[in-house]
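See below for the structure under consideration.
The values are calculated or read from the model by the stated rules, or taken from the named source; none is laboratory data. The model shown is predicted, which means the values in this text are computed figures rather than measured ones. Glycine also receives a Cβ, built like all others from the backbone with ideal geometry; neighbour counts cover every protein chain displayed.
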Amino acid sequence: MTKNIICVACPMGCELHIDLNEAGGVENVTGHTCKRGIAYAEAEITNPTRSFHSTVRVEGGSEPLVSVKSAGPVPKRLLMDCARATRGVRAAAPVAIGDVIIPDVCGTGVDLIATNRVKVA
């Protein structure tokens, strides 16, 4: 079986052709112009990760919401869980860039941090 994906490991945007073995593992990768394409293809097949971005409500702030992101990549399969985890969260103003809003979001080992400032109202 062959899977085709676009590589985002560098600005080239190569179209990767990934040959999978019967167990679903990577057998061969073609179409890459740099070594990062091979590593990206293997990671995307075995354990795809993404950055998570959202907003969280702020209590007592000059703004009602603050933007947040994961401090590192989280498993793609947990993105919806991360979204659900932000629903009931309220940050107390003031909020600074880099403040940890949810530590170890969904047991990923990655913190959800503020990406903007919110002053006290």
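There is at least one residue in the range 69-88 that is assigned to a strand (DSSP E or B), more than 30 Å from T2 (Cβ to Cβ) and touching an Asp or Glu at 6+ places or on another chain (Cβ under 9 Å). Of the strands (runs of 3 or more DSSP E) lying entirely inside the range 1-42, not one contains at least 3 residues that are over 23 Å from the mean Cα position of the chain (by Cα) and of a type in the set (G, A, S). Within the range 1-53, take every residue that is in contact with a helix residue (DSSP H, G or I) (Cβ under 8 Å, 6 or more places away or on another chain) and within 26 Å of L112 (Cβ to Cβ) and give me the one that is surrounded by the most Cβ atoms within 10 Å (Cβ to Cβ). Checked the range 1-53; the qualifying residue surrounded by the most Cβ atoms within 10 Å (Cβ to Cβ) is F52. Against the definition (touching a residue at least 40 places away in the same chain (Cβ under 8 Å) and either more than 22 Å from the chain's Cα centre (by Cα) or not in a strand (DSSP E or B) (or both)), how does V58 come out, yes or no? Yes, satisfied. Restricting the first member to the range 34-50 and to residues that are of a type outside the set (S, T, Y), and the second to residues that are at pLDDT 95 or above and loosely packed, with under 14 Cβ neighbours inside 10 Å, the beta-carbon pairs closer than 7 Å and six or more apart or on different chains are P48/K76; R50/K76. Taking G72 as the residue in question, decide whether it is touching a residue at least 60 places away in the same chain (Cβ under 8 Å) and assigned by TED's automatic domain parsing to the domain that holds V100. Answer is no for this residue. Just one of the listed residues (V68, V118, V110) is over 30 Å from Y40 (Cβ atoms), touching a strand residue (DSSP E or B) at 6+ places or on another chain (Cβ under 6 Å) and of a type in the set (V, I, T), namely V118.
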